[in-house]
Each structure stands twice: as C-alpha cells, then as structure tokens.
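Report on the following structure.
Since every read-out is calculated from the coordinates, none of them should be taken as a lab result. As the structure is a prediction and not an experimental result, all values here were calculated from the model. Reconstructed Cβ throughout: ideal geometry from the backbone, glycine too, with neighbour counts over all protein chains shown.
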C-alpha cells in the first residue's frame, strides 16, 4: 500500500538529535564527576579522622606515660624503663607488637621508635601519620600549696584569684572544714522514719551536715564553731598546686625541668594526596594535599 503522507527520518535529523542529547547530558556528567570527587574526598577524610582517633586512643589507653618521649615526631622508647618493676612488661617485644599497629613502617632508632608511619586504605590512597609529643614541665616547687579565700561576693561577683603564673597549676575550692576534719564521719539513719539523722546525702545540710541545696551551697550553714580561717562555703578557700607537688620525677633520664612532667600534649597529623598521580606519595608537595589535625593531653597516671 502506498502512503503518500509518511516520510522517513533523515540522517541529518538523527545527527542533530544526538547532538542536542549530548549537549543536554554534559551538565549531568559534570555533576556526576563532581559528586564522585566529593565522595572520594569525604571518604578519605573520614578514614584519616578514624585513623588519627584510633592512634590517639591507643596511646592514651595502652602506651605508658614514661614510654612516650618528646619530639616532632615523638618516640616510643622502653629500653630505659623496662627494668623498673611496674614497667617490666613494657619491653622491646611489647614495642615491636604495638608500634606497627600505630605507625606502620616505623623502625627503631637510638631515641626509640619514631611516631611516624604510612597506612593505606582500600582504594590505594596512602596516609602519612605523624605524632608530635610535647612535655608540659614544671619549673618550680613551692614548699606548700598557695591558699587564698576567694571573697564573699563569690559566686555572684568576681572571686579573688591567684596571681598570674606561667607555671602549669591546679586550683580548686577546698572541701568545708567539717569534711577536712579526719575525725568526722557522717552518721546515717537506718530507719527512713528516723528524722534525727540524715537518711541519704539528699538529707544532709540545713545545719545537720555539710551538703546544701544548689541555691545556697556557698552559705555558712552547718559551719558554726569552726575557726574563722577554716575552709568554708562562705568566702571559701581555694588552693593551687604545681605538678611537682602532685607527681614524682620521671623514671628515665631528663633535664631537671623536664624530669618534673605530669602531662604531655599530643598533636597528630594525617596527610594524604587526592591527586591520583600521588596516591602512594603522601609526602609529595605537588597535587592536592589534604591534612587533618587532632590534639589531646595525656596525664601521668601510671604510678
């Protein structure tokens, strides 16, 4: 049958249609490409943060304070502490097991194992893990703690403060004198119906003990009969200590200043490169260098 009104699609029309479709798809391809790059960036950043967190948590929980040495990078060293009884298990065999977990590729040097290594994710991106360790030393040791009374305006007004000092210190309000007295022991009622004695901590106060409701913890209730200079809620006494008062010398050789060190500042950097040419070269300065930093403090609680 002959249909005079029907005509075929020409080759030129097909080419024009394909060209229009191609132009329309360009923004879509660009969007997909950007999303892929952004996904890779976010995945790499998440890996780096997780690795940095894992390293810091492991050092805080499983590496003795005395084994962690100052430096950039810092060092893990056990040669000079493993002979001390409480550190006997932290010998070189222990170090050889834990160091590769924290800093892959770290090799022992005279100062110990450098806190620096490279780890690789499932996509082949290499990450340089670098830990800086800074001792927070104590420079002086007063004969006794400094003690001041913070004033009667506290807490509504500005309290009297200690003089400024570059020394790391710990300041706190002392407990009331009634608690400081070693002969004092709170007597509780065994029978809830007995109102002559407090049944629980919630009942202590109002002249019967030492605790007070949140609204009047700085009032002088229950403190009658004590010396005027005794620590108390009204115009409470504050004390300040330096690390030398609350710690002992390090068990390894150190200068007099750094031998009295109660805290170490840990700053970890994880660096990688998002340029595909440098996936395996995280230290390369060209390309798309990425870095994250995390910081924490490790205290000397080994003793």
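Table for the structure above
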| item | result |
| --- | --- |
| Packing-based exposure ordering (other Cβ within 10 Å, fewest first) of 61, 80, 161 | 61, 161, 80 |
| Order of 267, 101 under a 10 Å beta carbon neighbour criterion, fewest first | 101, 267 |
| For region 87-143, the Rg and Dmax computed from alpha carbons only, in angstrom | 16.2, 59 |
| Length released on extending from residue 89 to residue 23, taking residue separation times 0.36 nm less the Cα-Cα span | 16.9 nm |
| Estimated distance in nm for a label pair at residue 45 and residue 104, the labels positioned 7 Å out from Cα along Cα-to-Cβ | 2.3 |
| Mean Cβ count within 10 Å, highest first, over the residues of peptides 123-135, 248-260 | 123-135, 248-260 |
| Residue 166/residue 296 FRET efficiency (R0 22 Å; Cβ-Cβ; nearest 0.05) | 0.50 |
| Extension reserve of the residue 241-residue 274 stretch, reckoned as 0.36 nm per residue once the Cα distance is removed | 7.0 nm |
| Pairwise label distance in nanometres, residue 193 with residue 249, each label 7 Å out on the Cα-Cβ vector | 6.5 |
| Separation in nanometres of the label points that stand 7 Å from Cα toward Cβ, at residue 284 and residue 256 | 5.2 |
